[in-house]
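Just below is one structure, and these are the notes that go with it.
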Amino acid sequence: MLVVTRLDRLARSTLHPCQIAAELERKHVNLQVLDQQIDTSDATGHLLFDMLGAIAQFET
């Protein structure tokens, strides 16, 4: 499990967190973001992270 305090500490651009998440998933590593209470080890956290990524993509 990779734990970060805030999502902006993980990456600088909007596309980069999605790329990092895909790489972590490929390696079977879960992501936990403490500030936003995201934990990709369960379906709800995975959905929330994907939704945030989709919103970031839409903004660009």
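Of all alpha-carbon pairs in segment 17-59, indicate the percentage at a distance above 14 angstrom.
Details: 412 of 903 pairs.
Result: 46 percent of Cα pairs exceed 14 Å.
Output wanted: per-residue J couplings in Hz (rounded whole) for segment 4-12, from phi through Karplus 6.51 cos²θ - 1.76 cosθ + 1.60, θ = phi - 60°, x for Gly and Pro.
In residue order, the calculated couplings are 10, 6, 9, 5, 6, 7, 7, 8, 9 Hz.
Hey, what number do you get for the chain at 222 nm if only DSSP H runs of n ≥ 4 count, each worth -39500 (n - 2.57), divided across all residues, to the nearest 500? Before the final figure, lay out the partial values.
Working: 2 runs with 28 residues, N = 60.
Per the formula, -15000 deg cm²/dmol.
How large is the Kirkwood hydrodynamic radius of segment 1-40, counting all unique pairs of alpha carbons, in Å?
Working: mean 1/r = 0.0991 Å⁻¹.
Taking every pair of different Cα atoms in segment 1-40, averaging 1/r and inverting gives 10.1 Å.
Any read-out appearing in this document is the output of simple, stated calculations on the displayed coordinates, not a laboratory observation. Predicted model only: the values in this text are computed from it and were never measured.
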